[in-house]
Structures are given as C-alpha cells and as structure tokens.
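Below is one structure; the comments refer to it alone.
The values are calculated or read from the model by the stated rules, or taken from the named source; none is laboratory data. These numbers were taken from a predicted model, which means no experiment stands behind them. Here the Cβ is made from the backbone with ideal geometry for all residues, glycine too, and neighbour counts use every protein chain on show.
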Amino acid sequence: MQHGLLLINLGTPDSLAPKDIRRFLRTFLSDGRVIDLPALPRWLLTNGIIVPLRAKNTRHAYQSIWTPEGSPLRKISLMLRDKLANLAQNTFQVEIGMRYGTPALTEALDRLKHCESITLLPLYPQYASSSSGSAIEHALSHINTWNVLPNLRVIRDFYQHPAFIAAQASCIREALADSEHLLLSYHGVPVRHLEAIGCRPVCEKACRTTPPNGCYRAQCLESSRLLGEALGLAPDAYTSAFQSRVGKLPWIKPFTDATLNELRDKGIRRLAVSCPAFVTDCLETLEEIGMRAREEWLAHGGESLTLVPCLNTRDDWVEALYTIASGTCSDNA
C-alpha cells in the first residue's frame, strides 16, 4: 500500500489504576500547547498542583464510564479504524494513534513508514492549537526523524465539510423528535489561546460574520450555523455553548452550565444536547454531559436531557471520513 492515512485522537488512560491516571494527566498537561507557559512553570503547575489535586476526581469520573473492554474512546477509535480500513482497503492503509496514551501516535506512524504518501487527519472537526495543532506538530516532529520523508497531506480541520455536516445532522435529527430545543456544546479553550493568534473572542458579531480561519470559536459557531441549516431549524431553536472549563483563567463563552440555566429559565424542559467538537464519545460527552449535566438539569425542573451520541462508528460517518480523507468533496480540506 503506497498511501497511508493516520487518524489521530486525543487519548485516554490505559487503565483505572491511579498511576495510569496520573501518567495520562501529566503527559497531557505537560504539552506546551495545552498549558502555554514556559517549561519550568508548566512542570511545577502540572506536577505540584494540578495532578495531585485532580487525579482522584478524574479517576472517579473515568470509573463512571469505564467498560469491560476499557476506555470507550479507545474501543470506539479502534473500531472506527477497522471499519474505515475495510472501506478504504484499495486506497489507504489506515492507522490510528493517540496524542497521549496508547496506541501511540509515533508507533502508528512507524507502521506507515513504507508509504509513499501519508495523510494526517486529527479527529477534531474544529482547529485549536491545543488539540489539532498539538497532534499535527507531534506527528511532523516524529516524521522529521525519518531518513526518507513521505509526501504529506495535513487535514487541519473539517468543521464545514459537507460530509461531516451531513453525518452530524443525521445523528442529531434522530434525537430531536422528543425535544424542544437543541444545545450544541463544544469543548472550551482559554481566551488567551485565541488572543495568541490575534483574535478577540468577545465579539459575537465578528465570530459570526468574519472568515473563521484559525479562530476555534468562530469555527464552532460556523459548524452550528451549518448544522442548523441542515436540520431546518430556526436560529432560536438551537444554542451554542462551551463546556469543560477548568481553573481561574477566562475561557471562551457562553458556558454550557450557565446556558443550561438560561434555557431552563426560558421554559425549556425537554432538551437535546449534541457535542460536535467530539466525533468519539469520551469523558466529556458521557460523564460531563450525559451524567452530570443531565443530573443537574433534572434536579432543577427539567423533564429530559437527551445526549446525542457522537458519530463514533456510524456507517455514514465512516463514509464521510473516507470522503474527507480522500479529498473528493471538500470546501476546506
């Protein structure tokens, strides 16, 4: 096979053992694109404060979603690789690697070392330096150690790709029948990450009217707009928000938890929540939204909160991913 395709996902702890939880957190938080501080302050913050304080709660959260086969993210990612490999067997050799954890990104790349060309495809629809940027940088750094460099194609994002939007809309549509409103909840990022590229993510008008380019928030809002169109929803029938903030630094708004309160105050009782920044169900979807947010919603008067599953291994998503990787139907890939 002359053409390789590397899918890249974030990763997950290898097990629920405390040492594996701590190792995963240390590896993740030691990334200079995740915590954008100089190396020494980042090391002190990660190893002296964050990991000791968060390891226990993180382990408890993972326990709530762990399966007999281990982490849902790893299991689903491997299944996705196998389904796509079957579909693309005459086009690509497909591998998957985790930016943090196993199967390691570098080992997956080495299995493609014989290929004449390699396509790098981080499984993040919207580009952020701390997710796609980190994955791409790590992959390129490893490839740079090879004597023979392959032809490379990097798919930085696919937030507006017609195939992604169609698959995501189809997934959401199945959950809308019993809901009054749709919340599109994206992973948040610190404001300083966007300020670093010259973006001022406090201007709602700019994020909705200017080309998204490298602005993560603007890309998320554009995904929402396109999904709303695909679903035939009026602008007031869906809301976008950002989840998973940690620490005291400013993060991009509106926050998902605050938005849930606002929707409830407006009289919404039956809510569907989709997380279009994630294509694979993971801690942030299954536990943060599917458990904690649902419990909070019901405890304060909501009737139902339906978590829309991620695209995972849906047939239409596998076909969409093949289309994105092949570059046969793309506005931006």
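So here's what we get for this one:
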item	result
Of all residues making up segment 1-33, the number that are modelled with pLDDT under 95 and among the aromatic types (Phe, Trp, Tyr)	0
Cβ pairs under 8 Å, 6+ apart, first in segment 96-110 and closer than 11 Å to residue 27 by Cβ, second polar (S, T, N, Q) and part of a helix (DSSP H, G or I)	98/77; 99/134; 100/27; 101/27
Residue list for segment 70-101, filter: surrounded by fewer than 20 Cβ atoms within 10 Å (Cβ to Cβ), of a type outside the set (A, V, I, L, M, F, W, C) and over 25 Å from residue 116 (Cα atoms)	70, 75
Considering residues of segment 36-83 that are part of a loop (DSSP other than H, G, I, E, B) and without any contact (Cβ under 8 Å) to a residue 40 or more places away in the chain only, the residue farthest from the chain's Cα centre (by Cα)	38
In segment 118-138, residue surrounded by the most Cβ atoms within 10 Å (Cβ to Cβ) [restricted to those that are within 20 Å of residue 322 (Cβ to Cβ) and among the hydrophobic types (A, V, I, L, M, F, W, C)]	135
Members of segment 57-115 found to be among the aromatic types (Phe, Trp, Tyr) and over 17 Å from residue 318 (Cα atoms), listed by number	62, 66, 100
Per-region count, segment 1-27, residues outside any helix (DSSP H, G or I) and touching a residue at least 12 places away in the same chain (Cβ under 8 Å)	16
Some residue of segment 28-35 being closer than 26 Å to residue 193 by Cβ, free of Cβ contacts under 8 Å to residues at least 12 places away in the same chain, under 19 Å from the mean Cα position of the chain (by Cα) and surrounded by fewer than 22 Cβ atoms within 10 Å (Cβ to Cβ)	yes
Condition met for residue 172 (of a type in the set (Val, Ile, Thr), within 30 Å of residue 298 (Cβ to Cβ) and either assigned to a loop (DSSP other than H, G, I, E, B) or not assigned by TED's automatic domain parsing to the domain that holds residue 129 (or both))	yes
Check on residue 161, within 29 Å of residue 318 (Cβ to Cβ) and either surrounded by fewer than 23 Cβ atoms within 10 Å (Cβ to Cβ) or in contact (Cβ under 8 Å) with a residue 40 or more places away in the chain (or both)	yes
